[in-house]
Amino acid sequence: MGNQGPLTGVRVIELAGIGPGPFAAMMLADLGADVVRVDRIARGGFGDLPGDLLNRNRRSIAVDLRSSGGCEVVLTLVAGADALVEGFRPGVTERLGLGPEACLAVNPGLVYGRMTGWGQDGPLAHTAGHDIDYLALTGALHGVGRAGERPVPPMNLLGDFGGGGMMLALGVVAALYAVRAGAPGQVVDAAIVDGVSVLATQIHSLRRAGRWQDARGVNLLDGGAPCYDTYECADGRYLAVGALEPRFYAELVRLTGFPLDGDEAPDRSDPANWPALRAAWARLFRSRSRDEWTELLAGTDACVAPVLDWAEAPEHPHMAARQVFVDHGGVAQPAPAPRFSGTPTSVRRPPPRPGGHTDELLAEAGYDAARIAALRTAGAVA
């Protein structure tokens, strides 16, 4: 297959889960790691969506984790791996005999990555939750929404994937680097509440400086400022305006001809003027279609972009030129990121069928045909 990315040669065992865990495993696999997904037999893949792109670039073995034979298989795989990632509630893998202590016993240099919402300890550690709950506790959810209106869930991109899976992938890579430099194996405790709080570091800094109000929708970067907002156009579609700096705002004003006749352009530096200024901009942008504004402003420093829908995004000339989306096996999908000049990444494998590589992986781990057959008969693997 040629060069597969900067993590080529790294073996990762993934105990199948949903959301941020598979995303972290996908990131590692996209970067070239050989990721083995351990799916559960009982459900044909835990939380599995057929063809789920989060499961790309890896092989799958189906195992009954509650059986002694299944536990033995996983520990055998762990013994030959560099890292393991799991996303169960605290204590679950310990009860299965696959917790950090058991895994580090068979592989002292292992990096054991754990993905949870609340973390491995704390009063809420053992309670259920979802992305929206974790965001609520960090303060981030409070800050998303229009002034005077209720908070708006920002999909699950901020918590599950940004503060969760991405932080776990970074943590695993950092720990692998440490182990290869001579450190012992260790546990990476990646919690969404931790990760989202780190993502919000700049907001906390602005608050300390008196440059961020706790009320949502009234600040420079949360839709409060008219120069950093979305506007409806004549065709009902939208533009995103991000002309924060004076020179970019001046360019926007020059190119658009703002304001329209009869409108005033009050000083934008005074937040008291923002409502009137926003109304003036809104009137102007409703005078043309989204694509007409895009044609006028494209390639300039006015900091304006069309708000594209999911189908439009891959077709945009910039996205197409950079091949932000790729086709693999007839399936269009986001390309691996980031990019590397010397160790290029790629989509190498489609999402596997749960258990689709069981025999192959067991043979690689040293199991002969008779032992594999016995494990199948016992229901330990499938």
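Only residues in segment 303-323 that are crowded, with 16+ Cβ neighbours inside 10 Å count as the first member; pair them with residues that are in a loop (DSSP other than H, G, I, E, B), Cβ under 6 angstrom, at least 6 apart or cross-chain, and list the lot.
As it stands, the answer is Cys303/Ala243, since those pairs meet every condition given.
Going residue by residue through segment 280-301, is there one that turns out to be within 33 Å of the chain's Cα centre (by Cα), closer than 23 Å to Gly224 by Cα, touching a residue at least 60 places away in the same chain (Cβ under 8 Å) and surrounded by 15 or more Cβ atoms within 10 Å (Cβ to Cβ)?
Yes.
To keep it simple, each residue is scored yes or no on (1) assigned by TED's automatic domain parsing to the domain that holds Ala81; (2) out of contact with any Cys (no Cβ under 6 Å at 6 or more places or on another chain); (3) polar (S, T, N, Q); (4) farther than 15 Å from Asp52 by Cβ.
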{"position": "Gly330", "(1), (2), (3), (4)": "yes, yes, no, yes"}
{"position": "Pro336", "(1), (2), (3), (4)": "yes, yes, no, yes"}
{"position": "Thr343", "(1), (2), (3), (4)": "yes, yes, yes, yes"}
{"position": "Arg348", "(1), (2), (3), (4)": "yes, yes, no, yes"}
{"position": "Arg353", "(1), (2), (3), (4)": "yes, yes, no, no"}
{"position": "Thr358", "(1), (2), (3), (4)": "yes, yes, yes, yes"}
{"position": "Leu361", "(1), (2), (3), (4)": "yes, yes, no, yes"}
{"position": "Tyr367", "(1), (2), (3), (4)": "yes, yes, no, yes"}
{"position": "Ala382", "(1), (2), (3), (4)": "no, yes, no, yes"}
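Which residue pairs have Cβ atoms under 6 Å apart, sit 6 or more places apart or on different chains, and have a first residue in segment 103-128 that is farther than 24 Å from Ala365 by Cβ and of a type in the set (A, V, I, L, M) and a second that is part of a loop (DSSP other than H, G, I, E, B) and at pLDDT 95 or above?
Listed pairs, sorted by first residue: Met115/Gly87; Leu124/Trp118; Ala125/Pro90; Ala125/Trp118; Ala125/Gly119.
Given the options Gly159, Gly122, name the one that is out of contact with any Ser or Thr (no Cβ under 7 Å at 6 or more places or on another chain), assigned by TED's automatic domain parsing to the domain that holds Ala79, on the phi > 0 side of the Ramachandran plot and not β-branched (Val, Ile, Thr).
Gly122
Look through Val73, Val106, Val85, Val111 and report the one residue that is of a type in the set (Val, Ile, Thr) and surrounded by fewer than 24 Cβ atoms within 10 Å (Cβ to Cβ).
Of Val73, Val106, Val85, Val111, the one residue that is of a type in the set (Val, Ile, Thr) and surrounded by fewer than 24 Cβ atoms within 10 Å (Cβ to Cβ) is Val106.
If you take the residues in segment 335-355 that are surrounded by fewer than 16 Cβ atoms within 10 Å (Cβ to Cβ) and not β-branched (Val, Ile, Thr), which one is nearest to Gly32 (Cα to Cα)?
Pro344
Residue under question is Gly185, and the condition is that it be surrounded by fewer than 22 Cβ atoms within 10 Å (Cβ to Cβ) and at pLDDT 95 or above; does it hold?
When the stated conditions are applied, Gly185 passes them.
Considering only segment 91-111, I want to know if a residue exists there that is within 21 Å of Gly159 (Cα to Cα) and at pLDDT 95 or above.
There is no residue in segment 91-111 that is within 21 Å of Gly159 (Cα to Cα) and at pLDDT 95 or above.
Scan segment 84-132 residue by residue and report those that are of a type in the set (Asp, Glu) and closer than 21 Å to Arg58 by Cβ.
The one that is of a type in the set (Asp, Glu) and closer than 21 Å to Arg58 by Cβ: Glu86.
The values are calculated or read from the model by the stated rules, or taken from the named source; none is laboratory data. None of these values were measured; they are calculated from a predicted model. Methodologically, a virtual Cβ is constructed for each residue, glycine included, from the backbone with ideal geometry; neighbour enumeration extends over all protein chains shown.
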